[in-house]
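Working notes for the structure below.
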Amino acid sequence: AQDYTLRFNHVLGPSEPYHQGFTQWAERVAERSDGRLKIDVFHSAQLGVEEDIIEQMRQGANVGQNTDAARLGNYVPSIAVVNGPYFAESLEDVAKLADTPSMQAWQEELAKDHGLKVVCFDWVQGYRHFFTNTPITAPDDLDGLRIRTPPAPIWQESISALGAAPTAMAFGDMYPGLQQRAIDGVELVYNNIPAGRFYEVLSHVSETGHIMLVNFQVVSNAWFEGLPEDLQAILVEECKTAGQETSAAILESEQKVKADLVAKGMTVVEGVDMAAFRAAGENAYEALNLGDARRQVLSEMGKE
Amino acid sequence: MLIVALTFVFLLVIGMPVAFAIAISGATYFLQHPELPLTIPVQVTVSQTQNFALLAVPLFIIAGNFLNHSGITERLLTLASVLTGRLRGGLAQVSLTLSALMGGVSGSAIADAAMQSRMIGEAMVNRGMSRGFVAGVLSFGSILTPLIPPGIGMILYGTIGQVSIGRLFAAGIVPALLLWLALAVTVSLTARRRGYPAERDTRPTAREFTQALRGGIFALLFPVILLLGLRMGVFTPSEIGAFAVIYAIFVGIAIHRKLNRASFIEAVEGSLADVGAIMFLIALSAIFTYGIVLDRVPEVVSRWILSLTDNLHLVMVLVVLIVIAAGLLVDATVLIIMLTPIFLPLARQLGADPVHFGIVFIVAATIGNFTPPVGAAMYAVCSIIKVGVGSYSRESLPFILAVTLVALVLVFVPGVVLFLPEALFAR
Amino acid sequence: MRQLHQWLGRLEAVVAGSFLLTMVVLIFIGGIARLLRVPQNWTIDIATCLFAWACFLAADIAWRRDALMSIDLLTARLSPALRRGLATVNLCLIAGFLAYVIWAGIRLSWVSRARSFQGIPEISYALVTMSLPAGAALLLMTTGFKLYDLWSRDNRPGPGGKVA
Ligand code: NA
Ligand code: NA
């Protein structure tokens, strides 16, 4: 039988839980397919920039990428709604999201019109919080603070809706940026903080949980269609299993990471006004023209 | 990758410009892999120009050109000759000092080497030093830049390997001073052997000294302002590059009154050829690197090391030699990204201190920027100084021996690296 | 034809030079704006876009002036005829490579025209990608003139196609 290889790229470092998760996925796929399907995992964006890899997939290359809804929104705008503030709020929400007709239609559109096959999106990096050097309890506290965001309008709009001044910066520039006070804070998940040693340059964490970061495992649709059906099934099923395990492990480990950070001298801010942040977050959807998409998916999930 | 490497060497030997040789040999990898879209070489090349960190390189090249045309360089040289005129090959010593000063501003050896070559390269040649020697000093001197904080290499290593960047920064300083000493001794030995003359044989008078100091004040203020700007958190390194350009233009027009329309255009035109030659090469090298990553060349090497020995010191020495050898073909940034996840776990497993290992590793990786046939700092310097890679290589031999020797000292005397971070950061 | 080439040379110098200076100003403004706590993210976006164009236009400026580095250790010792032969091989390989870059660059710009630049929906990344095939077209033209000069003028071939 013919052998297949997928080169899977992600931007996180080798010590992040995601990398272990992708390696698990690769091991199980190799095992279940008797080595007919091999996943080669590349960390730290070794294969290239996320946007470049996505374009390679669209041309049929055997590459894959861990990406987010904001980037997929370049191709199917509505899907970006998943990246909005206070959208999915638990692993159960993410599971429900997968069954909504809207999400299925958008994935269909990604595959048919843009050549991008979403293998699964059961990967959750955790809740994004604000990490700063001053306590943040309400949107007003963020006024004038330069918070780093990934360089994409949806992030900038969301962060600006929450009250801060979004400052686009690459992941690797954050540490020196904070050290040199070019930015006043970051919004990340707990696991990024020890991995990037940000506790050396930041003192406060305000648990706003403003975005639950859902990641998408995407491959070339043409390549996926070329796989025998049994291998397609193995790839998707093991993606889901590894993703759910990794996400659960990350959410569990957050408490431990948090305790470690407190031991290293960080302060967890008490009394964050969640209602105020939620209300502020809603403005982002209207500004991004995603209000309808949001209401539609939430009603399909039975949330509103 | 073997075909790629052989093609590359062949194209170099028949005298093809390195930028094209690297790109064409790298492209042969894609001919061997029909499953890869043939647009990838174009894509990865363009992507290099979208990297904000790399913007610092052209900016410091432009700054160097403007400093040359704004009268700063001449005044700095006057001061340098007063200060070090009685040393043999005095300007070469000054360039080392300047690298250390620039180290507090720039995180990139390549940017520093390019800027200094523009600023004082010709003046060094005019003092009777051979072009190969001048290029060697300017190139290897820039090894101090990434080791004195801030340094791009330390940030990359610390992030990828989960090592304290604060400790790494502190750990770089003493080794940088040691490297400075080793390079200074090498320069003075060569200068003595070659009989490079001292520029003056009388001790400068106090009046001469103060005059030179006053003349050079804007040059001396330059690194201080940049350093303060960075330390006070005013600018990021790329912005510091932009600030340097604007400072040079301001001083040239308003204070030294030396920069006019003609010399302004001259500075821009000079920058264009420099930026073109250097950035084109850096951009195209992404085609070559693609196959190295895909074939996981570094991992094969690591497995091979462990089959030889599991003694920590021997492994570190081997790593230094391997990194220097790999550095012949690959530049520091790429080496650090690719090799940290392979060598650091190896070192940790054998009981190394990650900060100690990191500094040794970064020193060895940085050497890759200076060694032929591929080295960005080397190309920057050689193309600005207008010297062939052949004579550069011959005259750089003492320098590469000196820095390799220091790297080995760092392996066997961890205290040199760890003394400062341990004093500054209580465990 | 040669006049057009010379005119293009002046044009590319003016364009690349203004792009580099604009880059300096934009990055500086970006820093100042952030210092004043009104971060302007577009400054970096435009700067990196200009950077791509400046890079590849400047590459042709460097190629015209023979400022691209090459290793002349071995070729310097060969006979003039052999050197001319090698220079011809070099220039032909380079021309072939540049033609491929132009083809692949245009193709990539077209197939990925939907990709947005820095996530800004209205601006296509093709605007950046096109900088390479455009630069390669200029480089190809320069390479053609180098080949022509190599065989038509007095025989003064140098290494790496250095003819002047
Ligand atoms: Na530095
Ligand atoms: Na090298």
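Computed from the coordinates by the stated procedures, all read-outs in this text should not be read as laboratory data. Here the structure is a predicted model, which is why all the values come from computation and not from measurement. Don't worry about glycine lacking a Cβ; one is built from the backbone with ideal geometry, like all the others, and counts go over all protein chains shown.
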| request: Would you list, by chain and number, the lysines whose Cα falls below 19 Å from the Cα of A:Lys256, excluding same-chain residues fewer than 8 positions away? | output: A:Lys264
| remark: If every Lys and Arg gets +1 and every Asp and Glu gets -1 at its Cβ, then about the Cα centre the stretch C:2-161 yields a dipole, in debye to the nearest 20, of 200 debye
| field | Test item: A:153-161 mean partner chain Cβ contacts at 10 Å | value | 1
| task | Sort B:Ser188, C:Ser109 so that the residue with the fewest other Cβ atoms within 10 Å of its own Cβ comes first and the one with the most comes last. | result | B:Ser188, C:Ser109
| message | Restricting to Cα pairs below 8 Å that are 6+ residues apart, what does the relative contact order work out to for chain B? Please round to a whole percent. | response | 27 percent
| Pick from B:Pro298, B:Pro34, B:Pro175: which residue has the top mean-square fluctuation in a GNM of chain B where Cα pairs under 10 Å get a spring? | B:Pro34
| task | Using θ = phi - 60° and the Karplus relation 6.51 cos²θ - 1.76 cosθ + 1.60, list the HN-Hα couplings for the stretch A:215-226 in order, rounded to whole Hz, with x at every Gly or Pro. | result | 9, 10, 9, 10, 10, 5, 5, 4, 5, 4, 4, x
| said: Can you give me the angle between helix B:261-294 and the longest principal axis of chain B, using Cα atoms only, in degrees from 0 to 90, rounded to the nearest 10? | reply: 10 degrees
| said: Run the reach check for B:Lys258 against lysines, Cα to Cα strictly under 27 Å, same-chain hits fewer than 8 apart removed. What comes back? | reply: B:Lys386
| Relative contact order [Cα under 8 Å, 6+ residues apart], chain A, whole percent | 26 percent
| said: Whole-Hz ³J(HN,Hα) for each residue in the stretch B:295-302, computed from phi via Karplus 6.51 cos²θ - 1.76 cosθ + 1.60 with θ = phi - 60°, x for glycine and proline: what do you get? | reply: 7, 6, 3, x, 5, 4, 5, 5
| request: Obtain the nm distance between the two label points defined at B:Phe419 and C:Ser152 by a simple spin-label model: each point lies 7 Å from its Cα along the Cα-to-C-beta direction. | output: 6.7 nm
| query | Relative to the first principal axis of the alpha-carbon coordinates of chain A, what is the inclination of helix A:101-114, with its axis defined by its Cα atoms, in degrees from 0 to 90 and to the nearest 10? | reply | 60 degrees
| note | Listed by chain and number, the residues whose amide H is under 5 Å from that of A:Asp40, excluding neighbours fewer than 5 places away on the same chain and using placed H, are A:Leu6, A:Arg7, A:Phe8
| remark: With R₀ set to 22 angstrom, the calculated FRET efficiency between the beta-carbons of A:Thr137 and A:Val262, to the nearest 0.05, is 0.80
| Can you sort A:Val236, B:Val4, C:Val38 so the residue with the fewest Cβ neighbours within 10 Å comes first? | C:Val38, A:Val236, B:Val4
| Near the amide H of C:Ile123, under 5 Å away, which other amide H atoms are found, from residues 5 or more places off or on another chain, if H is placed in the peptide plane? | C:Phe117
| task | Write down the Kirkwood hydrodynamic radius of the stretch B:39-424, to one decimal in angstroms, obtained as one divided by the mean of 1/r over all alpha carbon pairs. | result | 21.2 Å
| query | In whole Å, how far is the Cα centre of the stretch B:17-51 from that of the stretch C:44-90? | reply | 17 Å
| query | Between their Cα atoms, which of A:Lys96/A:Lys117; A:Lys240/A:Lys303; A:Lys117/A:Lys240; A:Lys112/A:Lys240; A:Lys38/A:Lys258; A:Lys117/A:Lys258 are more than 25 Å away from each other? | reply | A:Lys38/A:Lys258; A:Lys117/A:Lys258
| task | Tell me, for the protein assembly as shown, which Cys residues have no other cysteine's C-beta sitting closer than 4.7 Å. | result | B:Cys382, C:Cys49, C:Cys55, C:Cys92
| note | In degrees rounded to 10, the 0-90 angle between helix B:152-161 Cα long axis and the longest Cα principal axis of chain B is 30 degrees
